[in-house]
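All remarks here apply to the structure that follows.
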Amino acid sequence: MTSLHTLPIPSQTARPHEHAWVVDSRHPTSEGVVLYVRCVACGTHRVDLQAEPQRPPTALSAEIAV
Ligand SMILES: [Zn+2]
């Protein structure tokens, strides 16, 4: 009898981690600067809004895994 060693298919290759966001592009709007950010570790995308330059941006969108 042959035993097959089948590896479990990982449902998620990206493990939970502190995302390392980099800004892909930025677009000034009347609300502030919309930042399109991407995690260099897992490729997740998110849209942030930086209403004021001296304050950290807030997340506009949920994290979108690719
Ligand atoms: Zn990530």
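The values are calculated or read from the model by the stated rules, or taken from the named source; none is laboratory data. Model, not experiment: these values are computed from the prediction. All Cβ positions, even for glycine, are placed from backbone atoms using ideal geometry, and neighbour counts span all protein chains on display.
Below are the figures for this structure:
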{"read-out": "The listed residue being surrounded by 11 or more Cβ atoms within 10 Å (Cβ to Cβ), under 9 Å from the mean Cα position of the chain (by Cα) and at pLDDT 95 or above, out of Val47, Val23", "value": "Val47"}
{"read-out": "Options Val33, Val40: the member that is among the β-branched types (Val, Ile, Thr), out of contact with any helix residue (DSSP H, G or I) (no Cβ under 7 Å at 6 or more places or on another chain) and within 16 Å of the ligand (Cβ to nearest atom)", "value": "Val40"}
{"read-out": "Pairs, first closer than 11 Å to Glu18 by Cα in the stretch 38-50, second outside any loop (DSSP other than H, G, I, E, B) and within 10 Å of the ligand (Cβ to nearest atom), C-beta under 7 Å, six or more apart", "value": "Cys39/Trp21"}
